[in-house]
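Notes follow the structure.
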Amino acid sequence: MKKLTPLIKKKITKQWHDEFTGLGIYKSMWLLRRVGFFVQGICLDRDSTNSNYLPIFHVHNLVGQKDDVISLTLRTPFRQISNGVPFHITLLQHEKSFSEYVLDFKAQTPLPLEGGISCDEMIKAYENYIANGQYETRYPLSQYFDMLCLFIWCDRIDEAKVFFDDVRDKIDSWPYDVTRYMGERITDFNNLQSYIDNPEVMRATIETTIERLGFAGIPSGELIE
């Protein structure tokens, strides 16, 4: 089976970019754009054989960014229409059916990849992701973190306060082993309370993070309040 050489990966990256012009090429096999305090895009994730790839829609929250790692939050892999199984595309399949795969992928993404996105759309996408329970959503603290940031960023402060208290009640009901394991992430969630009182501080922090990670040059869309 043919391997994904650097030249082939460059070609595949460009082909996907040509179909999603609202995104920028972040690196080989990875397209991104900024939307408010998120980056959002498509990771063309290669497997260990380096002979096929899996397109994955995702977002990543820049609030509280401590390193250069970009997470695949709201991870939505490309799936076969027939059975819903994640579909890894070989080079032969890519060459034969790329246009068809793009159309199917666009229909599967939970959020638009061009233009603005409303806070309500983002929150609904998180609610659906948690409800589907596909990935570590039994104790969805990472998702709650992002949702609270959305309420704060969009100046929905009363909703942010209610949501914060509701999540704190949920955390208090979780098993001790879970909360011990999530200790640092729980602290990060609790620290968002300072942003509820001072949303402008969160916005200033994001601008610094964008510059530090080199995201100032990638395309951006509006997070609509």
Check: When the stretch 205-218 is examined, which residues are found to be surrounded by 12 or more Cβ atoms within 10 Å (Cβ to Cβ) and not polar (S, T, N, Q)?
Finding: 206, 207, 210, 212, 213, 215, 218
Check: Could you say which residue among 138, 185, 180, 168 is touching a helix residue (DSSP H, G or I) at 6+ places or on another chain (Cβ under 6 Å), surrounded by fewer than 18 Cβ atoms within 10 Å (Cβ to Cβ) and of a type in the set (Lys, Arg)?
Finding: 185
Notebook entry, point to check: Only one of 125, 160, 107 is surrounded by fewer than 14 Cβ atoms within 10 Å (Cβ to Cβ), outside any loop (DSSP other than H, G, I, E, B) and of a type in the set (Gly, Ala, Ser); which?
Noted result: 107
Margin query: Looking for something part of a loop (DSSP other than H, G, I, E, B), closer than 30 Å to residue 189 by Cα, at pLDDT below 95 and among the small types (Gly, Ala, Ser) - is there at least one such residue anywhere in the stretch 58-72?
Written below: yes
Next item on the list: Just need a number here: residues in the stretch 68-104 that are among the β-branched types (Val, Ile, Thr), open to solvent by 70 Å² or more (accessible area, probe 1.4 Å) and closer than 24 Å to residue 218 by Cβ.
Entry: 1
Next item on the list: Can you confirm whether the stretch 189-202 contains a residue that is more than 25 Å from residue 30 (Cβ to Cβ), within 22 Å of the chain's Cα centre (by Cα) and without any contact (Cβ under 8 Å) to a residue 40 or more places away in the chain?
Entry: yes
Notebook entry, point to check: Do we have residue 215 as within 25 Å of residue 76 (Cβ to Cβ) and touching a residue at least 12 places away in the same chain (Cβ under 8 Å) here?
Noted result: yes
Check: Of all residues in the stretch 55-83, how many are within 15 Å of residue 125 (Cα to Cα) and of a type in the set (S, T, N, Q)?
Finding: 3
Check: Of the conditions (1) surrounded by 17 or more Cβ atoms within 10 Å (Cβ to Cβ); (2) assigned to a loop (DSSP other than H, G, I, E, B), residue 202 fails just one. Which one is it?
Finding: (2)
Notebook entry, point to check: Counting residues that are open to solvent by 20 Å² or more (accessible area, probe 1.4 Å) and farther than 21 Å from residue 104 by Cα, which strands (runs of 3 or more DSSP E) fully inside the stretch 13-54 reach at least 2?
Noted result: 24-27
Next item on the list: Could you give me the residue pairs with C-beta distances under 8 Å whose first residue belongs to the stretch 155-178 and is on the phi > 0 side of the Ramachandran plot, whose second residue is surrounded by 11 or more Cβ atoms within 10 Å (Cβ to Cβ) wherever it lies, and which are 6+ apart or on separate chains?
Entry: 155/199; 155/225
Next item on the list: Tell me which of these residue 114 doesn't satisfy, since it passes every other one: (1) surrounded by fewer than 13 Cβ atoms within 10 Å (Cβ to Cβ); (2) without any contact (Cβ under 8 Å) to a residue 60 or more places away in the chain.
Entry: (2)
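The values are calculated or read from the model by the stated rules, or taken from the named source; none is laboratory data. These numbers come from a predicted model, not from an experiment. Please note: Cβ atoms are built from the backbone with ideal geometry, for glycine as well, and neighbour counts cover all protein chains shown. The protein model used for the area step is the full one, side chains on, heavy atoms only, and it has no ligands, DNA or RNA in it. Shrake-Rupley method; radii C 1.70, N 1.55, O 1.52, S 1.80 Å.
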